[in-house]
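First the structure, in the form of structure tokens, and then the observations on it.
Every number in this text was worked out from the coordinates using simple rules, so none of it is lab data. For clarity, every value in this text was computed on a predicted model and none was experimentally measured. Reconstructed Cβ throughout: ideal geometry from the backbone, glycine too, with neighbour counts over all protein chains shown.
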Amino acid sequence: MSVMSFCKIDEMVVTPKMQGYLRRIESKVALGNLLATSVASSQFIQIFSGRMSAGKRLHTIYEHDWEVFSHVMMKSQELTRNEVNKVADEARIFSNGKESKFWGCVYDATRS
């Protein structure tokens, strides 16, 4: 769900300043997705690269620290949410009217 549809404010006009904030949020989300993909890919490359027997590979999968992996994946999502929250907070402070209400909604939705 996009930010614009989640925090819909009736008859709000998107200003160039607001477009800049939205582009910054889009960039933060894209980088967060890239981080999560990189973390996940590195783990699978570590497990499945190299030649080994099926039994040894199963043993490697079993012994892999999946708890740490899940912790890192959750932290990447938290990091992305916090970065979006920082942008929303700045936009909320430097906006007024309906635009300020919109950024207040985004700020509240991304608060930890």
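Structure values in brief
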quantity	calculated
Nearest-ten-degree value, helix 16-48 long axis tilted from longest Cα axis of the chain	10
Electrostatic dipole magnitude of the chain [Cβ: Lys, Arg +1; Asp, Glu -1; Cα centre; debye, to 20]	220
With Cα atoms, 0 to 90° folded angle of helix 66-93 axis to the chain main axis	10
Nearest-ten-degree value, helix 54-63 long axis tilted from longest Cα axis of the chain	50
MRE, 222 nm, helices only [DSSP H, n ≥ 4, -39500 (n - 2.57), over the chain, to nearest 500]	-27000 deg cm²/dmol
Trypsin sites (Lys or Arg not before Pro) lying in DSSP loop within the range 45-90, provided at most 14 other Cβ fall within 10 Å	Arg51
